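The structure appears right after this line, and notes come after that.
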Amino acid sequence: MTTASKDVILVTGADLAPEAVAMLKDFELVYAGKTPDEDSLVALCEKHQPVGIIVRYGKIPARVMDASKKLRVISKHGTGIDTIDSKAAQERGIAVKAAVGANAPAVAEHTWALIFACAKDVVHLDQRMHAGHWDKATHKSLELKGKTLGLVGLGAIGSRVAEAGNVFGMKVIAYDPYAKAAPAGVTLCSLEELYRDAHIVSLHCPLTADNRNMINRDSIALMRDGAIIVNTARGGLIDEAALLEALNSGKLRSAGLDSFQTEPLAAGHVFANVRNAILSPHIGGVTGDAYIGMGTGAAANVLAVLGAAATA
């Protein structure tokens, strides 16, 4: 007697948390590797005909979807689904899911790491100390107490960032067109008011066609002189040329960036030698705990969709 082969789940990465693997024990997992390109994903879909794709790296356009006749669900290993062509998936009856909130603590913490690095000039002072300098008589950091923290987005991450802002004695304002009410200690405002009033503008919203390059020359012109911009969301939210101009001119004190228009950054990227740009390689959500949470969240979403399809 032969055993029926298992349906395949394609993982666009080299690994998955053991806890997530255990949840998907009834499926065969196929890994695409650390840096899968579109052609390799098409080839794997044509070969294995996966019923589901867990997206860690790379993009999932319509061409990848069409390579598997059995595909029913695309599940993001994280929260941002801008790398998935959701419109194409909807047209094909393929569910698109995200592991909402799974990495919220990690990203919120990294947001504050970047805020502190910008406000306290941590990186530059460290470099100066290692070079033998003692800048106590000439350096002044930015004190956060009494300053205004402006959050674009009040989801799981933005709300956590807001809580810490309250603890530090900051005035916290937020723009979120989907928020029905503000958490304690947060005042909802318009986007223009946020740009005008905030000492720190921190981005926590998904990237859409409507908000691409929302941080641009016009929005920066509205901001306070010496404001700080922090982005742990998506690089496409910022017009990088406009940000570069504002950092170099002194209009902005600094920027803390964990995501970029094109990733990974190419050698010689315009931000590479900008002293007041604090950079990290899109690792805000990369912690041991978040790795497990995003993996199990993605697996749960796959199981929920396929289980519903099986009983329909």
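Every number in this text was worked out from the coordinates using simple rules, so none of it is lab data. Nothing here was measured: the structure is a model prediction, and the numbers come from that model. Glycine gets a Cβ as well: all are built from the backbone with ideal geometry, and neighbour counts include every protein chain shown.
What is the calculated FRET efficiency for His139 to Gln261, with r their C-beta to C-beta distance and R₀ = 35 Å, to the nearest 0.05? Calculated value: 0.65. Here the peptides 175-182, 44-51, 142-149 are ranked by packing, the mean other Cβ count within 10 Å, and the order with the highest first is 44-51, 142-149, 175-182. To the nearest ten degrees, helix 156-167 and the longest principal axis of the Cα atoms of the chain are 30 degrees apart. Residue exposure proxy: Ile228, Ile74, ordered by other Cβ atoms within 10 angstrom of their Cβ from fewest to most, comes out as Ile228, Ile74.
Taking the convex hull of the alpha carbon positions in the stretch 30-84 and averaging its projected area over all directions gives 3.3 nm². Largest first, the three principal axis extents of the alpha carbons in the stretch 104-279 are 52, 35, 30 Å in whole numbers.
Each 10 Å bin from 0 upward holds the following percent of the Cα-Cα pairs of the stretch 1-122: 13, 40, 27, 13, 6, 1, 0.
Protection proxy ranking for 86-92, 186-192, using the average of other Cβ atoms within 10 Å per residue and placing the highest first: 186-192, 86-92.
Note on the chain: GNM, Cα springs under 10 Å; of Lys251, Lys34, Lys59, the largest mean-square fluctuation is that of Lys34. When only Cα pairs below 8 angstrom with a gap of at least 6 residues are kept, the chain shows a relative contact order of 18 percent. At an R0 of 30 angstrom, the distance between the Cβ atoms of Glu192 and Ser249 translates into a FRET efficiency of 0.90. Here, the chain yields an orientationally averaged convex hull projection of 19.1 nm² when only Cα atoms define the hull.
Within the straight-line cut-off of under 16 Å between alpha carbons, the lysines reachable from Lys145 are Lys120, Lys171, sequence neighbours fewer than 8 places apart in one chain being disregarded. Going from the fewest other Cβ atoms within 10 Å to the most, the residues Ser259, Ser254 appear in the order Ser259, Ser254. FRET efficiency for the pair Ala62 and Lys120, taken as 1/(1 + (r/R0)^6) with r the Cβ-Cβ distance and R0 = 45 Å, rounds to 0.45. Result for the chain in a Gaussian network model with C-alpha springs under 10 Å: among Ile238, Ile173, Ile283, the largest mean-square fluctuation is at Ile283.
Using unit Cβ charges (K, R positive; D, E negative) and no other charged atoms, how large, in debye to the nearest 20, is the dipole of the chain about its Cα centre?
With only Lys, Arg, Asp and Glu charged at Cβ, the dipole is about 280 debye.
Taken along the Cα-to-beta-carbon direction at a fixed 7 Å, the label points for Asp15 and Gln90 span 3.7 nm. Between the listed residues Ala233, Ala182, Gly285, the Cα displaced farthest toward the positive end of the dipole of the chain, a dipole computed from Cβ unit charges relative to the Cα centre, is found at Ala182. Put a plus charge on the Cβ of each Lys and Arg, a minus charge on the Cβ of each Asp and Glu, and nothing anywhere else: the dipole of the stretch 104-279 about its Cα centre is then about 420 debye. Summing Cβ point charges (Lys, Arg +1; Asp, Glu -1) relative to the Cα centre of the stretch 8-134 gives a dipole of roughly 240 debye. Comparing Thr232, Thr287, Thr262 in a Gaussian network model of the chain where C-alpha atoms under 10 Å apart are linked, the largest mean-square fluctuation is found at Thr262. Using the structure shown, list the pairs from Lys25/Lys180; Lys59/Lys251; Lys34/Lys69 with a Cα-Cα distance above 31 Å, or answer none. Violating the 31 Å limit, Cα to Cα: Lys25/Lys180; Lys59/Lys251. Listed values for the stretch 77-94 are Karplus-derived 3J(HN,Hα) couplings in whole Hz (6.51 cos²θ - 1.76 cosθ + 1.60, θ = phi - 60°), namely 7, x, 10, x, 10, 5, 7, 10, 6, 5, 5, 4, 5, 4, 4, 9, x, 9, and x replaces Gly and Pro. Of the residues His204, His282, His110, the one with the fewest other Cβ atoms within 10 Å heads the list, and the complete ranking is His282, His110, His204. Quick one: plug the Kirkwood hydrodynamic radius of the stretch 111-178 (C-alpha pairs) into Stokes-Einstein at 20 °C, 1.002 mPa s, and report D in µm²/s. Reported coefficient: 158 µm²/s.
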